[in-house]
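**Student:** Take this structure, written in structure tokens, and hold onto it; I'll ask about it next.
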Amino acid sequence: MLQRRSLLAATTAVLAAPAIARAQTVQKLTFYYPVAVGGPIAAIIDGYCKAFQQETGIVVEPVYAGDYSQTLIKALTAIKSGAGPQFSVLWASEIHSLVDQDILVALDDIGLDADAKRWLDGFYPAFMANSHAEGKTWSVPFQRSTAVFYYNRSAFADAGLDPDKFPTTWAGLATAAGKLTKRDPSGRVTRWGVKMAGDLGNAQWTFGAFANQAEQILMNQAGTEVYFNQPKTIEAMAFWRSLSADHHVTPEGVSNWPQLSPDFLEGNTAIIQFTTGGLSNFLDKAKFPFGMAGLAGKNSPHTVVGGANMYFFRSASPAERIASLRFARWVSAPERAADWSAHTGYIATSPAAYETQIMKDHIAKVPAAGVGRTFLPVATGELSVHENQRVYKILTDNIQACLNGSKTPAQAMGDAQSESDRILKPYKRT
């Protein structure tokens, strides 16, 4: 299971990568992928690359480069040295920062004929939300997810709750989480009702969902403005804080992403806010029946998309760019998108994938595999602006200050707004 991340800033020297002269006949492409060497996901990627070679004669060599931060830095270093790669999987939300670094080539500049444009139109619109910038398309949805709730059905039944009726509103969630929270005779909590991540690299994703649940987006499409100090944003922060301060159904302070899965699997938490990409892990390890549900909203469920896209590097030759885009189209075909989803738990990126027999059979066997995509119509794009990681850090610091009780929701969001405005000011066009 890939952990979510914090993308590290690359050095200025690496960003000044020269273009690389290459032969026009493409026999081999290098593809950087964010996962440690080995493991089931690497085996799946290896299989796709081998099958693509058999069909096209083009070798696609995957390089498993660590987490997303390490993958970008290693890719930039390789580009500077003239050794590729031609394309890579990186966080979808980093689009503005990656475009600013001047290392990408847009799909429009590689070349999109009418058939290619129809292919792009076939993706779920929610997954394309982080693909556009400056009037161009810069990436292809690949391993995509939404934030969902996983919940312990046995715990629901024990608490007198209907496991088939997960709450859809904030009020309902707080009430259910209260019933699910267990304490021993001394008052010590033995099972929390709900947990969501507030650590660096994850807090902005959690909060993006909360804001959407209050019907507030966090940024403009150009990535030059944020809306942290809006009344609905403050309301979203206040509800998150209330789960610990008022309802006492989640721990005080910050819960960390890496601990959510173990807490859920060990029965220490009844509900966790997590990624659809965790489904395979829970199916493999959970020793109790569990369900998947949409994130409860102020009035109705709303969520946020996450995950990574394929980006193409400007240092590749024109022929290599075309071949890389060919691989992206091949691997995102409905049958392979369905296969990827069935084996990993990520959401297949197009409606057509759900019409394949592979996906129909998989959902019949694992009904939870069909849940995440049903909430795409009420999903928003992940927070994505220029200087993305700096803004993430500012927002996270203020979210944590609120969760720790040192700032009110209004103070936290006001401070996050003013600090982010200062960083984004140079990017605003007059």
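**Student:** Limiting things to C-alpha atoms, what are the Rg and the maximum Cα-Cα separation (Dmax) for region 40-85, in angstroms?
**Tutor:** When restricted to Cα atoms, region 40-85 yields Rg and Dmax of 12.4, 32 Å.
**Student:** Helix 68-81 versus the longest principal axis of the chain: what is the Cα-based angle in degrees, 0 to 90, to the nearest 10?
**Tutor:** The angle comes out near 20 degrees.
**Student:** What is the Rg over Rh value, at two decimals, for the chain, using alpha-carbon atoms and the Kirkwood definition of Rh? Working shown, then result.
**Tutor:** Working: Rg = 21.7 Å, Rh = 22.3 Å.
Result for the chain is an Rg/Rh of 0.97.
**Student:** Which lysines have a Cα lying under 22 Å from the Cα of LYS165, excluding residues fewer than 8 positions away in the same chain?
**Tutor:** LYS179, LYS182, LYS195, LYS287, LYS298, LYS365
**Student:** Oh, and also: Only bridges whose two residues both fall in the chain count here: according to DSSP, what percent of them are antiparallel, nearest 5? Show your work: numbers first, answer last.
**Tutor:** Values: 28 of 42 bridges.
Of the beta bridges lying entirely in the chain, close to 65 percent run antiparallel.
**Student:** Also, quick follow-up: Loop-only check: which trypsin sites (Lys or Arg not before Pro) in region 161-215 are DSSP coil with at most 11 other Cβ within 10 angstrom? Could the numbers behind the result be given before it?
**Tutor:** Numbers: sites: LYS165, LYS179, LYS182, ARG183, ARG188, ARG191, LYS195; in loops: LYS165, ARG188.
Listed in order of number, the matching sites are LYS165, ARG188.
**Student:** Give the aspartates and glutamates reachable from LYS80 as a straight Cα distance under 18 Å; neighbours fewer than 8 places away on the same chain don't count.
**Tutor:** List returned: ASP100, ASP102, GLU320.
**Student:** A further question follows. In Å, what Kirkwood hydrodynamic radius results for region 24-126 from the alpha-carbon pair distances? The partial results should precede the final answer.
**Tutor:** On the way: mean 1/r = 0.0652 Å⁻¹.
In region 24-126 this quantity evaluates to 15.3 Å.
**Student:** In percent, how large is the relative contact order of region 147-228, given Cα pairs closer than 8 Å and 6 or more residues apart?
**Tutor:** Values: 54 pairs, mean separation 12.3, N = 82.
Computed over region 147-228, the figure is 15 percent.
**Student:** Starting from the 7 Å offset along Cα-to-Cβ, what nm value, one decimal, do you get for the label separation of GLN27 and ASP115?
**Tutor:** Placing both labels 7 Å along Cα→Cβ, they lie 2.7 nm apart.
**Student:** Determine the principal axes of the Cα atoms in region 317-373, then give the extent along each, sorted from largest to smallest and rounded to whole angstroms.
**Tutor:** 44, 17, 16
**Student:** On to the next question. Could you list the square roots of 5 times each eigenvalue of the Cα gyration tensor of region 352-430, that is, the equivalent ellipsoid semi-axes, sorted largest first and rounded to whole Å?
**Tutor:** Working: eigenvalues 311, 69, 17 Å².
The three semi-axes for region 352-430 are 39, 19, 9 Å.
**Student:** What is the extension gain from ASN404 to VAL366, computed as 0.36 nm multiplied by their sequence separation minus the C-alpha to C-alpha distance, in nm to one decimal?
**Tutor:** Values: separation 38, 0.36 × 38 = 13.68 nm, distance 3.87 nm.
Length difference between fully extended and current span is 9.8 nm.
Values in this text are rule-based calculations from the coordinates and carry no lab data. Since we're looking at a predicted model, the values are computed, not measured. Ideal geometry is used to build each Cβ from the backbone, glycine not excepted, and the neighbour counts take in all protein chains shown.
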